[in-house]
1. Hand me the tally of lysine pairs in the range 1-110: alpha carbons under 23 angstrom apart, and the pair either on different chains or 8 or more positions apart.
2. What is the set of long-range amide H partners of Arg45 at a cut-off below 5 Å, with H atoms built 1.01 Å from backbone N?
Amino acid sequence: MDKLRALLQRTLGTVRQHMGTDHYGNKYYYVPEQRTWTGQTIRARRTMEPVQKDIYKYQTGHIPTEWEAWIRGKRKDPPSIEEILRNEQLRQDISAKGDDFLSTDRTMASAEGKHEVEAQPMRTQIKGHASAPLYEKPTPTEEPTSTANTFVPGSWNPKKK
């Protein structure tokens, strides 16, 4: 079988096996490990032939998650159509439950908002180098200030409080 595959590879080029097609029409192929006539080994690859040939028309999400996992080698076997449909239905159910939760949460919040006053967000003032410049007069302190040129050890005696 290996000799036949090698002969086909030399005459026809790369031999690839069609593994499946998704519901968008993308085709998935497996290219087994191959040896060139020089003896180099080319590792096995998994590729996709997109139904949309124009790159600018491609949209995110046009590859099902299960097929993407197969291409990246996260799963050994290619997914079945039943598995893809089951997972898609599960995603739709979860999305519907999330939408229901948000709508009930909004209605409860609006019902509670009629009886109570909403709390307004507080404005905080941050002082320091990360904030905007603070334009106020500095308050005098009794802390010593020095340029370190005139400091004599033992000359400063702070007041006890």
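Read-outs throughout are calculated quantities, based only on the coordinates presented, and are distinct from any laboratory measurement. All values reported here derive from a predicted model rather than from experimental measurement.
1. Pairs that pass both the separation and distance tests number 4.
2. Amide H neighbours of Arg45, under 5 Å, 5+ apart: Val31.
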